[in-house]
Structure formats: C-alpha cells, structure tokens
1. Can you give the calculated 222 nm mean residue ellipticity of the chain, where each DSSP H run of n ≥ 4 adds -39,500 (n - 2.57) and the sum is split over every residue, rounded to the nearest 500 deg cm²/dmol?
2. Taking the inverse of the average 1/r across all pairs of different Cα atoms in the stretch 160-306, what Kirkwood radius in Å do you get?
3. Going toward the positive end of the dipole of the chain, with +1 on Lys and Arg Cβ and -1 on Asp and Glu Cβ, which of N58, V101, T287 do you reach last?
4. Run the numbers for D267 and N42: contour at 0.36 nm per residue of separation, minus the present Cα-Cα distance, in nm.
5. Taking the stretch 71-138, which trypsin sites (Lys or Arg not before Pro) meet the DSSP loop condition and have no more than 15 other C-beta atoms within 10 Å?
6. Round to the nearest 10 and give me the degree value, 0 to 90, for the angle of helix 266-280's Cα axis relative to the longest principal axis of the chain.
7. Using θ = phi - 60° and the Karplus relation 6.51 cos²θ - 1.76 cosθ + 1.60, list the HN-Hα couplings for the stretch 251-262 in order, rounded to whole Hz, with x at every Gly or Pro.
8. Extending each Cα 7 Å along its Cβ direction at S135 and A119, get the distance between those two points in nm, one decimal.
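Bear in mind these aren't lab numbers, they're just calculated from the coordinates by the rules spelled out. Values in this document were obtained by computation on a predicted structure and should not be read as measured data. All Cβ positions, glycine included, derive from the backbone under ideal geometry; neighbour counts span all protein chains shown.
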Amino acid sequence: MSDNSSKPMRHAILGAGGVGGLIGACLAHAGASVTLVVRPENVAKHPKQLRLDSPFGNFAVDVAVAAEVPAVDVLWLTVKATQLEPALAALKNPDAVRGIVPLLNGIDHVPLLRARYGAERVIPATIAGEMERVSPGRIVHRTPFARLNVLSAGRDLLADTLDQFQQIGFACRFIDDEPTLMWGKLVFLAPFALSTTAADKTVGEVLSDPQWRSLGEACVRETCAVGVAEGAKVNPEMVLSGVAAMPANMRSSMQKDVEQHKAPELDAIAGPILRGAQRHGIEVPVTKKLVAAVEHRAGIEERRRA
C-alpha cells in the first residue's frame, strides 16, 4: 500500500544531466518537490528551473538547487558510473532519505550502495531512452519513449510516483526478479553502446552495415549467455527484435562521451559481462573485440602506456 497521497513527495536528484534532468522535470511538472544536488561551486549559478523538450511535452518547471542532499522521500542517483564515488559525498545524512533509487548504467553499483546505505533503503531501477543535457537546466529527450523499471521492493514508496510518470508518457513496470531487472537493460545497452561507439555510427547505420550488424548481434548473444548464467530471464531473439525497433538516429551516451573526450563507462557497461563470462567459463570474443575498439577510439590504450 502506498502512503504518499497525503502530501507531495519530496525528491532529490543527484546528477543533473540528461537522465536526472528528465526525471526532475517530470516530477516537478507532476507537482512534487524537487531539489537538484550539484557541486558546491555551481549552486549559485545553476538555473532554478528545468526546461524540458520532449515528445511528452515542452515545459519549464521551478526546482530548488543545493550542494547537499536534503531530507527527502526519494533520492534519485543519476550520475555517470565514473562519477559515483565523488558524487556520494553530497549525501551527508543517509538516514534522512527514505529510499535511494539508482539509475546508473551497469550492475555493480547496487551491491556497493547496499553495503554503504543498507539493503532496505536502496531500490534498484533502470531507465532506457536518449536524453541529454544540452546546457545547465535544459534537457532534450530525443526518443519517443522513456522506460522506467523498478524492483518490486520499491512498490510501497514509489507506486504513486510511477503512476505520475506513466501519465506523462513513460512506460513503467515493477519487476520482481532483480537479475532480470538489471540484466534486462544491460543486454540491450552493452551491445548498443559498444557497437555504436566502436563504429561511430547511429544504431540505424550499425544495422544497415552487414559487418557491424553481425558484430552487434554476436555481442547480444554473448551478453545474454552471461545474463542467463547470472540468473536473468533474457532472450537474445527478443533483444534483437527490440534493437531493430530502436529509432534509426539513436546514439549512445558512451558514443557521445568519447566524442567529447570524456571517460566512457566501459567498466560499468562491459565489465559485468567480461567478469561474468570469466566466472562461468563463457567465451565472449566479440564483446572483447568491441571493448578494445572503444578503448582505441577513446585513447585508453595510449594513456595506459604513458
């Protein structure tokens, strides 16, 4: 049973980029209290509004801006995986937060957060879609969809919130099985991110190039094999059908990070596959090849040799 109907929910967003901006703008548009948590040096100059351009609507909403996480019902963690550790310094009083909902790419952040803040407080979740912060406070949501899946353990706290997201246009589900929740995103994300970044192509361009399409499909099958071994219910044929239905102009955040000379989330996205494959004795040669290609494009090999 949800207990959130008596007063507006209080939300904090730690990571005011594309994902955090979309979440924060939609929550504020639905009437919730939203605080963006940013670096201390950015508090004074960060806009006190979020402007969203989305298939769900174009609007601007007022938000609070702070350097530390205040007392809230829900803290949404929406930083890059590479930025998680320093970002958590803003969470000074975890006991003042009822639930922590991480929307990071990958899997390994969940046990880390549970060990630090308690298993009952951390509610695993995933989000899918293409959204980008084009300037401070301005978010562009490019895909016609945004899919938010949450572990069923968070139903009591988040049922009303997910209803609000669905009314805006999100597709939302509670999922009972945690491996299926987490690997269900990764089996799409990893092949998509690795192939688009290695090729420097949109998903449509990858699918129309026989060589790159073959590599992407093989990566899907390798990732699903590891996911199944890890206990997830994932099916490569369903994943391939889903990839084929993606908007042709869709690009991955990893691809954009490499273009902007930022560190890609390689360990968060590919690491669980490579480590899981080693644990279960599964061969993943195509995934390794794509990882090496991304490392080359990002200059990671050169930095290792330096």
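1. -14000 deg cm²/dmol
2. So the Kirkwood estimate lands at 16.0 Å.
3. N58
4. Answer, rounded to one decimal: 78.2 nm.
5. Sparse-neighbourhood loop trypsin sites (Lys or Arg not before Pro): K92.
6. 60 degrees
7. 10, 8, 5, 4, 4, 5, 4, 5, 4, 8, 6, 9
8. 4.8 nm
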